[in-house]
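Engineer: Below is one structure. I have some questions about it.
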Amino acid sequence: MTAPALEAVRRERLDRAEATARLAELGFGWADLEEEEYWLDEVVAMDADVYERLERAASSLWAIFDRTVRYMHGRRELYALTGIPPILWNMLDGLELPPPGQISRYARFDFAVSLDGGIKLLELNADTPTGYAEAAAATPWLCRQAGLRSPNEAMAERLAAAWGAERPDAVACAAYGSHAEDTGTVDLLARHSGLELRKLDLLDLSVDDGVVLDGDGAPIRRLFALYPKEWMALDDGGEALAYAIETGRLTLFNAPHAILLQSKGLQALVWGLYELGMLYTDPEREAIESYLLPTYTKPLFDGSYVSKSMFGREGGSVKLYGEGGGLELEDKDGFDTSVFFPTVYQRRADLPELELGGSSYRVLTGLFMLGGEPCGLLGRAGGLITGNTSHFVPIGVKAK
């Protein structure tokens, strides 16, 4: 390829006040956070052929991860290897796995897409991905202003189909009504689902004799929650919540088995099975070699690598090591969950560098999986580690 895989679009800047108001109407109401510009008034264009390859990569990896979860289901030594808290093992073993490709109906891959078109998976958030409003509401509108195609236009329809299969009767997040990002995400998911849903604060929920109750004492039977399932091992009510799910009194979305996809330890398991010549077909092995980074549960690298918690989020716990093995950079802003969960070690793949608005940023490419299908780009611009202080930047696709 001659043109770079990603490049900044040259265009006139939008009137920020007008654009921010319009984005809020669409469902993205936190373009500015605490007087800081979270949304960068820039647009990144992706080469059309690279986007097609990215979709194929995501579809291949989704099938590989699904196969791997089915292989590990019921094998408790693999639960331990991938950091799954023991308090969840009975629940995972006692519940039937969802259909193929549907273990999580709402997920997001995060890729490093290099300027020369290389594609490497960094991680999969298959449990509680945020960034939906940025991708589904803001990105299509911003791409239209820049004259770019946005595959994100289909996200609302795909989300409605996925949730139509699950049909939750309530959605929840912590601090609903006061935490702007999580509240806005839950609100937009509910709007796009087309369902009549109760919107709840997780902190108001309780469990009584295996039944989950809302703040008014009404039972909840089917719940989508922005609640990381690994926290059931740490929260005071976690064991009671796991019991409610295990006994069928509560159906939780994403499905409980999404935690098996969520663990970064799964990538170490996939890579180990690949090296042993087990489980995968020849095309799957080609996809693993092409798109996955070698990942282990011990630091076995001679060159540069990354360490991170198996259940780290927003850059928390990430450390970057250089060619000589010395620590070069670590995240100081996110919560370091490696104090609770095991660590994985992954060959380092730095994010591409772009100049946006006169400053240099590293750009992370997210790709949502809705109902098992790739749908929806999410751009994040920050440093070598994409953490809480990173910005949202829309990514569109060039015409062929």
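The values are calculated or read from the model by the stated rules, or taken from the named source; none is laboratory data. Given the structure is predicted, the values throughout are model-derived calculations rather than measurements. Please note: Cβ atoms are built from the backbone with ideal geometry, for glycine as well, and neighbour counts cover all protein chains shown.
Engineer: Mind checking which residues of the range 271-299 are in contact with a strand residue (DSSP E or B) (Cβ under 9 Å, 6 or more places away or on another chain) and in contact (Cβ under 8 Å) with a residue 40 or more places away in the chain?
Structural biologist: Ser290, Tyr291, Leu292, Leu293, Pro294, Thr295, Tyr296, Thr297, Lys298, Pro299
Engineer: On to the next question. Return yes when Gly303 is in contact (Cβ under 8 Å) with a residue 60 or more places away in the chain and not basic (Lys, Arg) and no when it is not.
Structural biologist: no
Engineer: If Ala287 meets every condition in (1) small (Gly, Ala, Ser); (2) part of a loop (DSSP other than H, G, I, E, B); (3) surrounded by 15 or more Cβ atoms within 10 Å (Cβ to Cβ) apart from one, which number is that one?
Structural biologist: Going through (1) small (Gly, Ala, Ser); (2) part of a loop (DSSP other than H, G, I, E, B); (3) surrounded by 15 or more Cβ atoms within 10 Å (Cβ to Cβ) one by one, Ala287 breaks only (2).
Engineer: A further question on this structure: Return the residue satisfying two criteria in turn: it lies in the range 1-45 and is at positive phi and charged (D, E, K, R), and of such residues it is surrounded by the most Cβ atoms within 10 Å (Cβ to Cβ).
Structural biologist: This residue is Glu34.
Table: residues versus (1) at pLDDT 95 or above; (2) of a type outside the set (Ser, Thr, Tyr); (3) crowded, with 22+ Cβ neighbours inside 10 Å; (4) closer than 27 Å to Thr185 by Cβ.
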| residue | (1), (2), (3), (4) |
| --- | --- |
| Gly74 | yes, yes, no, no |
| Gly83 | yes, yes, yes, yes |
| Leu88 | yes, yes, yes, yes |
| Asp110 | yes, yes, no, yes |
| Leu124 | yes, yes, yes, yes |
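Engineer: Out of (1) crowded, with 22+ Cβ neighbours inside 10 Å; (2) more than 18 Å from the chain's Cα centre (by Cα); (3) of a type in the set (Gly, Ala, Ser), what's the single condition that is false for Gly383?
Structural biologist: Of (1) crowded, with 22+ Cβ neighbours inside 10 Å; (2) more than 18 Å from the chain's Cα centre (by Cα); (3) of a type in the set (Gly, Ala, Ser), only one is false for Gly383: (1).
Engineer: Where in the range 325-400 are there strands (runs of 3 or more DSSP E), lying wholly inside it, with at least 3 residues that are of a type in the set (A, V, I, L, M, F, W, C), under 29 Å from Leu33 (Cα atoms) and out of contact with any Cys (no Cβ under 9 Å at 6 or more places or on another chain)? If you could, list the steps in order and put the result at the bottom.
Structural biologist: Numbers: elements: 327-330, 343-347, 353-356, 359-370, 373-382, 395-397.
Passing ranges, in order: 359-370, 373-382.
Engineer: Still on this structure: Given the conditions (1) touching a residue at least 12 places away in the same chain (Cβ under 8 Å); (2) of a type in the set (Gly, Ala, Ser); (3) farther than 20 Å from Leu370 by Cα, and given that Ser193 satisfies all but one, which numbered condition is not satisfied?
Structural biologist: Unmet condition: (3).
Quick grid of which residues meet (1) touching a helix residue (DSSP H, G or I) at 6+ places or on another chain (Cβ under 8 Å); (2) on the phi > 0 side of the Ramachandran plot; (3) at pLDDT 95 or above:
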{"site": "Ala174", "(1), (2), (3)": "yes, no, no"}
{"site": "Ala180", "(1), (2), (3)": "no, no, no"}
{"site": "Leu188", "(1), (2), (3)": "yes, no, yes"}
{"site": "Gly217", "(1), (2), (3)": "no, yes, yes"}
{"site": "Gly238", "(1), (2), (3)": "yes, no, no"}
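Engineer: Additional query: Return only the number of the condition from (1) aromatic (Phe, Trp, Tyr); (2) surrounded by fewer than 19 Cβ atoms within 10 Å (Cβ to Cβ); (3) part of a loop (DSSP other than H, G, I, E, B) that Tyr176 does not satisfy.
Structural biologist: (2)
Engineer: Name every residue in the range 165-224 that is in contact with an Asp or Glu (Cβ under 9 Å, 6 or more places away or on another chain), closer than 23 Å to Tyr132 by Cβ and of a type in the set (Lys, Arg), in order of residue number.
Structural biologist: Arg198, Lys199, Arg222
Engineer: Considering the range 196-212 alone, what residues qualify as being in a helix (DSSP H, G or I) and either among the β-branched types (Val, Ile, Thr) or free of Cβ contacts under 8 Å to residues at least 12 places away in the same chain (or both)?
Structural biologist: Passing the criteria: only Asp204.
Engineer: Could you please find all residues in the range 253-287 being touching a Lys or Arg at 6+ places or on another chain (Cβ under 8 Å) and β-branched (Val, Ile, Thr)?
Structural biologist: Result: Ile259, single match.
Engineer: May I pose another question? Can you pull out the residues in the range 146-172 that are among the polar types (S, T, N, Q) and either at pLDDT below 95 or in a helix (DSSP H, G or I) (or both)? Break it down stepwise before answering.
Structural biologist: Taking the range 146-172 as the starting set, the residues that turn out to be among the polar types (S, T, N, Q) are 150, 152.
Result: Asn152, single match.
Engineer: Something else: Find all pairs meeting these conditions: Cβ atoms under 9 angstrom apart; at least six residues apart or on different chains; first residue within the range 240-269 and farther than 21 Å from Pro100 by Cα; second residue assigned to a loop (DSSP other than H, G, I, E, B) and β-branched (Val, Ile, Thr).
Structural biologist: Ala268/Thr82; Ala268/Thr297
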